[in-house]
Amino acid sequence: MGNETHLWWQRGIIYQIYPRSYQDSNGDGVGDLNGIIQRLDYLQQLGVDAIWLSPIYPSPMADFGYDVADYTDVHPLFGSLADLDRLLAEAHARGLKIILDFVPNHSSDEHPWFLDARSSRTSAKRDWYIWRDPKPDGSAPNNWLSYFGGSAWEYDEASGQYYLHLFHKKQPDLNWRNPALKQAIYDSMRFWMERGVDGFRVDVIWLMIKDAQFRDNPPNPDVPAGMETSSASQLQIYTSDQPEVFDLVGDIRDILDGYSERVLVGEIYLPIHRLMAYYGSARGGCHMPYNFQLIQLPWDAEVIGRTVADYEAALPAHGWPNWVLGNHDQPRIASRVGDAQARVAQMLLLTLRGTPTMYYGDELGMRNVEIPQHLVQDPQGINMPGTSRDPERSPMQWDASPNAGFSAVAPWLPLPADYAAHSVAAEQGDPRSMLTLVRRLIALRRASPALSVGSYAPLVGSGDVLAYVREADGVRLAVALNLGNQAQVVPLGAAGRVLLSTHLDREGEATDGTISLRPAEGVIVAL
């Protein structure tokens with residue numbers, strides 16, 4: 001059961017970097033690849049194993065890089081292919097892996113493929129995108145709506161047809177029913193594998209194929225507030241999770257399996273029972289379909305405990321679990337649950353069975369940064385005020401210097417007023433800081449097969465307490481988490497010794513079969 005019997009992505013921790021916001025090396029206010037290279041020693045000291053980079057491809061930046069204009073190059077804003085090669089070499093020299101974000105559902109409308117497709121109805125690449133005639137009254141072909149608000153169809157005056165865009169109108173959806181398009185994308189994936197990239201996180205992988213009959217989506221009876229004009233106001237019966245998507249996932253897995261120890265991670269927002277299908281069965285699927293339960297659930301011990309049990313029970317025999325607390329599309333965990341519970345959340349993330357993905361800055365307790373509407377950059381927030389994803393994309397807080405050590409000039413998004421107090425410089429020398437806690441948690445996880453790859457068994461999941469046991473090679477570790485604001489006494493079933501508390505002040509304390517938890521405290525106990 002030891003670590004050596006598991007692959008790096010099963011043993012390890014993935015750390016997501018939003019490149020625009022990590023480190024600016026050239027004084028333009030935007031983070032870049034050379035900036036990330038400058039910070040690799042910090043990541044090595046933190047103890048993570050792999051870096052997932054949000055898109056770095058050439059792009060008009062209508063959706064900050066998720067509108068790709070060239071699948072096999074680097075945007076000059078971030079550097080060059082030579083810089084990426086250097087990042088790979090420098091990361092690999094430190095034992096760190098690099099995972100690229102890959103965006104195969106849609107391209108930019110400025111991609112040469114789309115410019116060709118748009119030039120004529122008879123273009124050889126016309127069918128690389130999804131075009132439909134208007135209804136007899138000239139309106140859109142069906143009722144499909146964009147994730148960014150409004151119709152998912154954009155009328156093209158020159159050719160008299162509509163093209164599909166499930167996101168921004170500058171992000172036309174690719175037609176994955178076209179064999180030539182498929183091969184072009186697969187070739188670009190091989191391009192990155194040949195350069196030594198260690199895997200892909202595939203953007204919106206569950207949306208890649210749409211209903212061949214273009215049927216209308218039914219209305220969603222439970223529309224989230226503020227999303228009445230977006231795709232969330234419909235049940236995505238015909239625009240997502242189509243049966244044919246699994247062949248595409250299998251193809252991508254086959255490509256990665258042609259190289260040594262590469263990992264395929266899929267972005268999928270679906271209920272647990274649907275998520276599991278993306279692990280594949282007869283054909284390989286994603287090594288890890290991203291599991292966003294901890295992002296979507298209320299901060300409630302019973303609900304989380306039940307969901308962990310359901311997720312573990314639903315996993316196929318070959319399925320490896322994974323957990324995520326935050327990403328570039330979701331409010332930061334410290335803003336969702338508060339500073340005290342954010343520490344408990346880090347202990348939860350780093351002690352559950354399966355691969356954790358951390359979001360940059362969460363190791364400092366970074367919070368959402370309020371962005372006034374006139375400074376909003378995110379197209380989703382511009383189209384639908386109140387839904388901007390900018391607050392969780394603010395620059396990394398390195399030190400107390402101007403612009404938080406992120407840049408020599410004003411950064412592309414504002415920093416919070418208190419950035420100095422929640423910076424790497426302030427926290428790395430503080431024995432009780434969030435950064436110290438996260439480093440200790442990661443070190444303990446790396447040193448203990450019970451935490452990194454061991455079995456999971458629930459102990460308590462009631463009231464405000466969530467407790468479970470991780471076990472490997474005869475070593476049993478209990479994790480007890482108080483998700484409430486009252487002290488609790490938790491039965492552990494055996495005497496033990498405290499290895500770590502989220503308060504960082506109880507190491508070595510003996511326990512007699514129960515453990516007393518302060519409000520918003522988590523502990524790891526060797527039984």
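The values are calculated or read from the model by the stated rules, or taken from the named source; none is laboratory data. Just so you know, these numbers come straight off a predicted model, no measurement behind them. Virtual Cβ from ideal backbone geometry, glycine too; neighbours counted across all protein chains shown. All accessible areas refer to the heavy atoms of the entire protein, side chains included, with ligands and DNA or RNA removed. Shrake-Rupley method; radii C 1.70, N 1.55, O 1.52, S 1.80 Å.
Remarks
- If both residues of a DSSP beta bridge must be in the chain, then about 65% of such bridges are antiparallel.
- Solvent-accessible area of Glu267 with every protein chain in place, 1.4 Å probe, in Å² to the nearest 10: 10 Å²
- Only protein heavy atoms count here; on that basis, with a 1.4 Å probe, Ser54 has an accessible area of about 0 Å².
- Pairs beyond 25 Å (Cα-Cα), from Lys182/Lys210; Lys135/Lys210; Lys135/Lys170; Lys135/Lys182: Lys135/Lys182
- In order along the range 13-26, the phi-based Karplus estimate (6.51 cos²θ - 1.76 cosθ + 1.60, θ = phi - 60°) of 3J(HN,Hα) comes to 10, 9, 10, 7, 10, 8, x, 4, 10, 9, 7, 8, 9, 10 Hz; Gly and Pro are listed as x.
- The mean accessible area for residues of the range 49-172, using a 1.4 Å probe and ignoring ligands and nucleic acids, is 35 Å² per residue.
- Accessible-area value, Arg518, 1.4 Å probe, nucleic acids and ligands omitted, Å²: 80 Å²
- Distance from the range 294-339 to the range 382-454 (C-alpha centre basis), Å: 20 Å
- Relative contact order (%) - the chain, alpha-carbon pairs under 8 angstrom, separation at least six: 13 percent
- At R0 = 35 Å, FRET efficiency that the Cβ-Cβ distance of Thr72 and Ala443 yields, to 0.05: 0.35
- Working note: Karplus 6.51/-1.76/1.60 with θ = phi - 60° gives the range 366-380 the couplings 4, 10, 4, 9, 5, 10, x, 3, 6, 9, 4, 9, 5, x, 4 Hz, where Gly and Pro are set to x.
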